[in-house]
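The values are calculated or read from the model by the stated rules, or taken from the named source; none is laboratory data. Computed from a predicted model, the values in this text were never measured in an experiment. Note that we place each Cβ from the backbone using ideal geometry, even for glycine, and neighbour counts take in every protein chain shown. Remember, those area values only see protein heavy atoms, side chains included, never the ligands or the DNA or RNA. Shrake-Rupley method; radii C 1.70, N 1.55, O 1.52, S 1.80 Å.
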Amino acid sequence: MVETQLNIEKIRKDFPILHQEVNGKPLVYFDNAATSQKPQCVIDALTHYYNTDNANIHRGIHTLAERSTTAFENTRKTVAKFLNAAEAEEIIFTKGTTEGINLVAATFGRKFIGEGDEIIISALEHHSNIVPWQILCEEKKCVLKVIPVNEKGELILAEYNKLLSERTKLVSVNYISNALGTINPVQEIIDKAHAVGAKVLIDAAQATPHARVDVQAMGCDFLAFSAHKVYGPTGVGALYGKRALLEAMPPYQGGGEMIKDVSFSGTTYNDIPYKFEAGTPNIGEVIAFKAALDYVNEIGLENISAYEHELLEYANELLADVEGFRPIGTADQKASVVSFLIDGVHPFDLGQILDAKGIAVRTGHHCAQPLMEIFNIEGTVRASFSVYNTKEEIKYFVEALKSSIKMFKK
């Protein structure tokens, strides 16, 4: 195992929330798949906006409005560069990944998917990449198909091949499973979907904090992610879409900003991306989103990914010695997520005991109930690591786990 050259202690100092006690113990935050903590630069960007620039964007001619508009649009350029989109106009700001997927379902789906057409998702999906397609299928009488998984939590691509046909109009899959950490072979999925003429949406909510995402190299048609998973504020995300597709799609919501002209006889719509951004957005949060991406770029996604893999290997090594430890999801390609059960102990009870020791993990079905049903379980305990976590924290976590198990076994 090659040890990281990153200065983790220096990185930890960037995150003020980490330096506190919870229930009398130093906080160990292992719930990063749910949301990551925020570095001081993101907090500063948010407070700077409200302290100095707060104004509505795009239509005002005064100085504050112009400063806010410039900062807002600079974030769009930064997101485009982060994803290697061809142009900033292909980036639509949303509330997060969920809204990005719903936008595609409500606009592309309603216009281009009809009765008898087929949509393919996978068994690894978050509810946000299941329910919008179920709603669309009910409305349009199209068919939803699901790529199955094997016992390791990996997609069975041979079955995917069988699901594809000339009726397939859209394939929508996650890049990395939030529940198990499985890294999916999205390039192969995209290429095979395109071979039958289908479009592809990638849910990259769990990928953007951990891996370099290049939408042009991948060739995906849409990609959605959330700022709060990648050290940015909550309530903000981005949807990438190819220009030709976005221009062909009808608006998502009606209101200010998304129009060119309105009269009682009719309305003409704005150009992309504004056509899909009705109403006043989360301006301050979008501006702080740029600070988060700048922060990630400064450390380097490749460095982050390598260090988090180091943490994952260390955790797996220590957890293997824990009595009754049963990992759920043992894919060959995984992000820094350990999802597991302890024989005879309910995940919720274990999560409460760990919290009493200052350790924040997630318990439950992780918004992936169909996946839990496949494994015939109610849920798991999920520990997910970020660049600011340490091996010392993992060691403390495993020792706390062992002492908790002894308490339950008395």
Out of the residues in the stretch 334-356 that are of a type in the set (Gly, Ala, Ser) and over 25 Å from the mean Cα position of the chain (by Cα), which is most open to solvent (accessible area, probe 1.4 Å)?
344
Would you check which residues across the stretch 212-221 are open to solvent by 30 Å² or more (accessible area, probe 1.4 Å) and part of a loop (DSSP other than H, G, I, E, B) and list them?
212, 214
Would you be able to tell me the number of residues in the stretch 182-201 that are in a strand (DSSP E or B) and under 18 Å from residue 371 (Cβ atoms)?
2
Mind checking which residues of the stretch 165-205 are surrounded by fewer than 19 Cβ atoms within 10 Å (Cβ to Cβ) and not basic (Lys, Arg)?
165, 166, 185, 187, 188, 191, 194, 195, 196, 197
For residue 50, work out the one condition from (1) assigned to a helix (DSSP H, G or I); (2) buried (at least 18 other Cβ atoms within 10 Å of the Cβ) it doesn't fulfil.
(2)
Checked pairs for the stretch 263-291, first over 19 Å from residue 71 (Cα atoms) and open to solvent by 30 Å² or more (accessible area, probe 1.4 Å), second at pLDDT 95 or above and of a type in the set (Lys, Arg), C-beta under 9 Å and 6 or more apart or across chains, list as 269/275
Subset of the stretch 237-261 [surrounded by 12 or more Cβ atoms within 10 Å (Cβ to Cβ) and free of Cβ contacts under 8 Å to residues at least 24 places away in the same chain]
258, 259
Among residues of the stretch 200-211, those that are modelled with pLDDT of 95 or more and touching a Leu at 6+ places or on another chain (Cβ under 7 Å), counted:
3
Apart from one, (1) part of a helix (DSSP H, G or I); (2) farther than 24 Å from residue 335 by Cα; (3) of a type in the set (Lys, Arg) all hold for residue 12; the odd one out is (2)
Of all residues in the stretch 68-106, which are of a type in the set (Phe, Trp, Tyr) and part of a helix (DSSP H, G or I)?
72, 82
Identify the single condition in (1) in contact (Cβ under 8 Å) with a residue 12 or more places away in the chain; (2) at negative phi; (3) surrounded by 14 or more Cβ atoms within 10 Å (Cβ to Cβ) that residue 16 does not satisfy, given that it satisfies every other one.
(3)
Considering residues of the stretch 53-79 that are closer than 30 Å to residue 18 by Cα and out of contact with any Ser or Thr (no Cβ under 6 Å at 6 or more places or on another chain) only, the residue most open to solvent (accessible area, probe 1.4 Å):
54
Note on the stretch 357-393: residues open to solvent by 10 Å² or more (accessible area, probe 1.4 Å) and assigned to a helix (DSSP H, G or I) are 369, 370, 373, 374, 391, 392, 393
Of (1) open to solvent by 30 Å² or more (accessible area, probe 1.4 Å); (2) in contact (Cβ under 8 Å) with a residue 12 or more places away in the chain; (3) under 23 Å from residue 32 (Cα atoms); (4) not charged (D, E, K, R), residue 320 satisfies all except one. Which?
(2)
List the strands (runs of 3 or more DSSP E) that sit entirely inside the stretch 234-330 and contain at least 2 residues that are touching a Pro at 6+ places or on another chain (Cβ under 9 Å), acidic (Asp, Glu) and more than 27 Å from residue 179 (Cα to Cα).
none
Residue set 125, 151; condition crowded, with 20+ Cβ neighbours inside 10 Å, closer than 29 Å to residue 331 by Cβ, out of contact with any Asp or Glu (no Cβ under 6 Å at 6 or more places or on another chain) and among the charged types (D, E, K, R); output residue 125
Taking the stretch 109-122 and keeping residues open to solvent by less than 10 Å² (accessible area, probe 1.4 Å) and of a type outside the set (Val, Ile, Thr) leaves 109, 122
